[in-house]
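The next block holds one structure in the form of structure tokens; read it before the comments.
The values are calculated or read from the model by the stated rules, or taken from the named source; none is laboratory data. For clarity, every value in this text was computed on a predicted model and none was experimentally measured. Glycine gets a Cβ as well: all are built from the backbone with ideal geometry, and neighbour counts include every protein chain shown. Accessible surface is based on the protein model in full, side chains and every heavy atom, while ligands, DNA and RNA are left aside. Shrake-Rupley method; radii C 1.70, N 1.55, O 1.52, S 1.80 Å.
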Amino acid sequence: AAALLREARRAYDFEVLQPDFVELPPGTDVLMIVHPPPLSEWQQYLIDQFLMHKGTALIALDPAARAAAVQRGGQAPTSSTLGRVEQTLGVSLAPDVVADRTMALPVNVDAGGGRVAQVAQPLFIAPPPSRMSRSDVVTADLSRPINFGSAGHLVFAERPGVTFEPLIE
């Protein structure tokens, strides 16, 4: 998330909201929500209204955020949700994570006796460019796999006026 914020600040006017925000900054054009803490009913309403009227957002939810698990003495939520906003959009984050042996990354494990062995870890996957959207500017020019650890997956229910385009499958 830190690298994403650093890059976004290079190209855009950027304002980070506090977890207890009660309004969105005036003139907000795009809403970026990355692994949000539990949202109040009011915050969910603000997000819902922004999406209904402006409609432009980048949303990154996580079913098993490893970094969050070590924050604040293990008290930070490891999964994220948008609450009722997910119902409005017709998209929800499944509670489980993706595992795939064909895209598993090799990880070093203790093989005993001071030896280290590489074992494919199906919870750490690297989808190749062939599994990425070639029509979206975000992924069209990528030429190497993207590594994910305990990646989530979205469940989409069709809604009038809402489009859903997977970038990586």
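Once both axes come from the Cα atoms, what is the angle between helix 41-53 and the longest principal axis of the chain, in degrees from 0 to 90, rounded to 10? Once rounded, one gets 80 degrees. Each label was represented as a point 7 Å from its Cα along the Cα-to-Cβ direction; for residue 101 and residue 146 these points are 2.6 nm apart. Share of pairwise Cα-Cα distances greater than 30 Å in the chain is 25 percent (whole percent).
Straightening the chain between residue 87 and residue 34 buys 17.3 nm, computed as 0.36 nm per residue apart minus the Cα-Cα spacing.
Here the relative contact order of region 103-163, from alpha carbon pairs under 8 Å that lie six or more residues apart, stands at 27 percent. Going by accessible surface with a 1.4 Å probe and the largest first, 53, 35 read 53, 35.
Other residues with beta-carbon under 15 Å from the beta-carbon of residue 48 carry, at +1 per Lys or Arg and -1 per Asp or Glu, a net charge of 0. Compared with the direct C-alpha span, the chain from residue 10 to residue 154 gains 48.9 nm at full extension, assuming 0.36 nm per residue.
Once both labels are positioned 7 Å from their Cα atoms along Cα-to-Cβ, the gap between residue 165 and residue 60 label points is 2.0 nm. Pairs of Cα atoms nearer than 8 Å and 6+ residues apart set the relative contact order; for the chain it is 18 percent. When the chain is described by a simple charge dipole with +1 on each Lys and Arg Cβ and -1 on each Asp and Glu Cβ, the residue from 142, 166, 27 located farthest towards its positive end is 142. To the nearest ten degrees, helix 2-11 and the longest principal axis of the Cα atoms of the chain are 50 degrees apart. May I ask for the distance between the Cα centers of region 90-169 and region 1-59, given as a whole number of Å? Rounded to whole Å, the Cα centres lie 24 Å apart.
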